[in-house]
4 protein chains.
Amino acid sequence: MHLLSGVFEGKTTGTPILMILYNEDARPEAYDEIKDLFRPGHADFTYEKKYGNRDYRGSGRASGRETAGRVAAGAVAKKMLAGLGIEVTAYTLRAAGIGCETIDLSVIEKNPMRAADLAAAAEMERRVVALGKKGDSTGGLIECRIQWLPAGLGEPVFDKFEADLGKGVLSLGGIKGVEFGAGFGCVDMLGSEHNDNMGKEGFLTNNAGGTLGGITTGETVLFRAAVKPTSSIETPQRTINLRGEEKTIVTEGRHDPCLCPRMVPVVEAMAALVSVDHLLRLGAMRYLTDPES
Amino acid sequence: MHLLSGVFEGKTTGTPILMILYNEDARPEAYDEIKDLFRPGHADFTYEKKYGNRDYRGSGRASGRETAGRVAAGAVAKKMLAGLGIEVTAYTLRAAGIGCETIDLSVIEKNPMRAADLAAAAEMERRVVALGKKGDSTGGLIECRIQWLPAGLGEPVFDKFEADLGKGVLSLGGIKGVEFGAGFGCVDMLGSEHNDNMGKEGFLTNNAGGTLGGITTGETVLFRAAVKPTSSIETPQRTINLRGEEKTIVTEGRHDPCLCPRMVPVVEAMAALVSVDHLLRLGAMRYLTDPES
Amino acid sequence: MHLLSGVFEGKTTGTPILMILYNEDARPEAYDEIKDLFRPGHADFTYEKKYGNRDYRGSGRASGRETAGRVAAGAVAKKMLAGLGIEVTAYTLRAAGIGCETIDLSVIEKNPMRAADLAAAAEMERRVVALGKKGDSTGGLIECRIQWLPAGLGEPVFDKFEADLGKGVLSLGGIKGVEFGAGFGCVDMLGSEHNDNMGKEGFLTNNAGGTLGGITTGETVLFRAAVKPTSSIETPQRTINLRGEEKTIVTEGRHDPCLCPRMVPVVEAMAALVSVDHLLRLGAMRYLTDPES
Amino acid sequence: MHLLSGVFEGKTTGTPILMILYNEDARPEAYDEIKDLFRPGHADFTYEKKYGNRDYRGSGRASGRETAGRVAAGAVAKKMLAGLGIEVTAYTLRAAGIGCETIDLSVIEKNPMRAADLAAAAEMERRVVALGKKGDSTGGLIECRIQWLPAGLGEPVFDKFEADLGKGVLSLGGIKGVEFGAGFGCVDMLGSEHNDNMGKEGFLTNNAGGTLGGITTGETVLFRAAVKPTSSIETPQRTINLRGEEKTIVTEGRHDPCLCPRMVPVVEAMAALVSVDHLLRLGAMRYLTDPES
């Protein structure tokens, strides 16, 4: 990772920061045989339709490698948040049909699934490995908590906090849904169940997931993202080539049978970046209220 | 609805359009007794925290009335889409624990639930009315289809089509989740099940929900939004007032026990607006490619 | 002026403010005879080319009436600035060939030219009235001072303070140039003349006009805007109609022979709006530095 | 110049392009003695005030080196414009008190001043060299023409074509003013002189500089930018250091006594970038009007 601008003698200067990571293990020749084919689940078809000139090596811009830049930027954002006592933590909640039964944030970095439950993680991993050996892949669920965020973040109409956070997460390749607090579970709930009542000590529950009317409540912001099964699988699939001819395709290469472990830090990065963006807006408001600050 | 600018002799002039709707049935006095209380599930608490000066009448800016402007703008967007043969259709897919068993777009405007299945709609309505009489409310699920959208809409990194669409939908009060295509169902799917294979006739399935790599495929864009139960209920709830004192609250007024029927056109409006935004970007690209067009 | 949203019991709520002014003295019939003609100096031709459907009454969106909204928004901005002790003052510096010889801000609202020198104002007015009687018009120069703005406003690359301020002023119809500090006078200056030296008491001169490297210095931001002669004149001019036929045109109506007096408050409004925008950004930065503030 | 993304086999892919230029001749030690001093005319003072942590080597982000990125991006924009037959040409119009008497675009790259008049260029150069030897510098004037731009570029309110173009040019370090067409000359003109009349063949003059109401007319867009004298001079100047103590400073190093020759391509780049931005917007509009294109 090269830090090319915006830092001087170990401190940020306030001006734009440029970080760059070179892919030092590119194997472009690995993609020669798929340069004419649209891999199912990949963006080959849409890039061809949109741009008419496609870098087929490693999926070009649509590669998950693109998220490295988000993680790098997120690392800066997390430092800013840490200075305010705010923590962002994501983990695999479910994969290959196995869900965490307990949530222990201390074990996330101690298992290859980045799950929050060691026992569940072991079974997830066993299944994921077995699927990989069979040339298949699996989806999963990532949960993320933003803790100690102050109340008041988010704008009243379009730029609601969860709207911006949702956009950030949905801008990641492979994410097919996002939900906050009780999420889709709210569909079958009653108002008397879903509403978070309040007592002297604050909110008694957090079905809302940390926002009301698009603005943070001061409770933990809690959201989940649905991660689709890895598109690259060695199972034969039907597709067409650039000339519209039907073909069978087997996607080989270095692919994980479950994206969750790699996406956990990416989801954290996006949550950190959106949080900092909104903290910057909030600060602005406060300064005008109290110029002496 | 008053049309104040941007239209001349029945045609748009290309310059900004201003439409205005006056609330001619405001009853501000109905809110006097809750001006000191934070209604559970409402934005009263967060607006107080963020702004320190809150218009408690009718929820102020956080009111669902705000969506009238979105529907008005969406009506213009839908006219533009219609000129291109693109259709946006939303409907209640589930409410009060009852889901549509068939999808018949022709019945949506023929039942008060705006559901896509008349038989299911009748049972939904029965349950919703019963819940309202008991002073409670229920959540629901809205599904939306954008049909005949061309391939190629959406930008490769942050402004993916579903990221912008997701933001648009999550910017609506009461929406707690959004999912595309197979959505959260992908969590427990295998890659060999989820990948949409292709044949000469195009995509054989549409688990992706109409996008790959954030760019539209030309298939129907399909998404669902989770609608929380109406926050205003007549069931007594615990809350606090501005001075932090514990209180019991009963929220009376003109509240629907299920938000779905009112939100169906709002979800359509947001889908139409985001589609037009991205069509404008696509057109730009084409013009530079072919200046004679 | 109607205040439709964002204010409650005399105080802003923090949510969007909508103000509306109805044109209660529109005379659309006055424009009937020019509906097919492109008035020289007006946007009739470019609106026709761009949009193909033109509201010819009162110049449509290209009318100077559009600036009323800017002045209304600027009034809010000026209140915010006043709370920080910041003042924005514009005045006519030159018109009809007569320039102010002294600058006395207290006389600006005491003469119809809004000039900063009463003696000059009298001669300006005499000449402007004479030109109007002859069916002609004149250009002029507006100068504006933003005083007591803190150091540190403006971003390092594209959003330099004078770039945003320049854009704001150049977005006004009729402005053909903008310059800061010594402005175009710098062209023939030496570095040893133009550089503002510093002593213990701060900057010894202000040729820079209150910014260095695009960021405010804490000195007065000083700029001037060139105002073109009113386009509507009763002197016969050559033009063409929608069918390309050559015509002679005389533009009658309620036109001022010099735009400066009306544009002084508009220039002030734009300067206030840009200043508030940048103060909001600055505040954001400060909050992250000192979250206790 | 390294091209790191967005190009594949010699053609753009439509996705973001990253170009990078390494400064291979940095001499950071040359700045050691000024690390505590605020150089007159430089951004040292404002960066210190805004950020509190300043990279004093080579002026950090405020260095003219930053414009290399603009020229690189501008080169891409110029290729796009060339495909549409649009040309952007800037040149030194005046420097060291000498102005071009004729405009010959073919000689610009044939003289070190990048002036449009060879005879004037020789005298400019002689004076500039002499000023450099005396440890002083001079300002200058750059003129730019955007030729064959179609009518219809620019938005009706804030994003007028000259507002965006003005912002682009004023975002360059060292530019203190910008004017369009007759520019500040309009101040003393009559409406009957300034208005561009029209005949069958189009506009008879171009005092407007290629826009009316903020939208391009199809005539040449003509603007001029005031370039301040180089701030770094070897003439002793008064300043203060970080502790507020008065000092005398002599700025040595590799400084040009006139910035114009280096800024001519930068002004061209900004004009090309703004033109492409607005062409992208225009294309969007056309596509919706005629989806078959």
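Output yes when any residue across region D:144-162 is of a type in the set (Val, Ile, Thr) and under 16 Å from residue C:43 (Cβ atoms), and no when none is. Yes, that holds for at least one residue. Filtering region A:175-203 to residues that are more than 7 Å from chain B (Cβ to nearest Cβ) and surrounded by fewer than 23 Cβ atoms within 10 Å (Cβ to Cβ) leaves A:185, A:193, A:201, A:202, A:203.
Annotation note: of D:3, D:21, D:105, D:93, the sole residue that is surrounded by 17 or more Cβ atoms within 10 Å (Cβ to Cβ) and at pLDDT 90 or above is D:93. Could you list, in sequence order, all residues of region C:197-236 that are polar (S, T, N, Q), in a loop (DSSP other than H, G, I, E, B) and closer than 27 Å to residue C:116 by Cα? Residues satisfying the conditions are C:205, C:206, C:207, C:217, C:220, C:230, C:231, C:232. Taking the numbered list (1) assigned to a loop (DSSP other than H, G, I, E, B); (2) buried (at least 19 other Cβ atoms within 10 Å of the Cβ); (3) touching a residue at least 40 places away in the same chain (Cβ under 8 Å) in turn, residue D:253 passes all entries but (2).
Flag: residue D:94 matches the condition of being under 20 Å from residue C:177 (Cβ atoms) and either of a type in the set (Gly, Ala, Ser) or touching a Gly at 6+ places or on another chain (Cβ under 7 Å) (or both). The residues in region B:86-129 that are basic (Lys, Arg) and closer than 30 Å to residue B:153 by Cβ can be counted, and the count is 2. Filtered by the rule that a residue be more than 9 Å from chain A (Cβ to nearest Cβ) and assigned to a helix (DSSP H, G or I), region B:26-47 gives B:28, B:29, B:30, B:31, B:32, B:33, B:34.
Selection within region D:52-95: residues that are at the interface with chain C (Cβ under 8 Å from one of its Cβ atoms) and not small (Gly, Ala, Ser). The member of this set that is farthest from the chain's Cα centre (by Cα) is D:61. For region C:207-238, taking the residues that are surrounded by 24 or more Cβ atoms within 10 Å (Cβ to Cβ) and without any contact (Cβ under 8 Å) to a residue 40 or more places away in the chain, the one that is nearest to the other protein chains (Cβ to nearest Cβ) is identified as C:212. Against the list (1) crowded, with 21+ Cβ neighbours inside 10 Å; (2) out of contact with any helix residue (DSSP H, G or I) (no Cβ under 7 Å at 6 or more places or on another chain), the condition residue C:54 fails is (2). Residue D:148 passes all but one of (1) farther than 16 Å from residue D:272 by Cβ; (2) over 19 Å from the mean Cα position of the chain (by Cα); (3) not polar (S, T, N, Q); which number fails? For residue D:148, the exception is condition (1). When we screen A:165, A:153 for residues that are part of a loop (DSSP other than H, G, I, E, B) and either more than 26 Å from residue B:191 (Cβ to Cβ) or more than 8 Å from chain B (Cβ to nearest Cβ) (or both), the only hit is A:153. Cβ-Cβ contacts under 6 Å between residues 6 or more apart (or on different chains), taken from a first residue in region C:41-65 that is over 19 Å from residue D:219 (Cα atoms) to a second residue that is at pLDDT below 90 and of a type in the set (Phe, Trp, Tyr), are listed as C:56/C:31; C:57/C:31. If you check C:139, C:132, C:99 for being within 14 Å of chain D (Cβ to nearest Cβ), surrounded by fewer than 23 Cβ atoms within 10 Å (Cβ to Cβ) and within 24 Å of residue C:269 (Cα to Cα), only one passes: C:99. Each residue in region B:81-107 was checked for being of a type in the set (A, V, I, L, M, F, W, C) and assigned to a helix (DSSP H, G or I), and 4 pass.
Whenever a residue of region B:1-25 is assigned to a loop (DSSP other than H, G, I, E, B), its partners that are exposed (fewer than 11 other Cβ atoms within 10 Å of the Cβ) and of a type in the set (A, V, I, L, M, F, W, C), lying with C-beta atoms within less than 7 angstrom and at least six residues away or across chains, give the pairs B:21/B:1.
The values are calculated or read from the model by the stated rules, or taken from the named source; none is laboratory data. Note that the coordinates shown come from a computational prediction; the quantities given were computed from them, not determined experimentally. Note: ideal-geometry Cβ built from the backbone for every residue, glycine included; neighbour counts use all protein chains shown.
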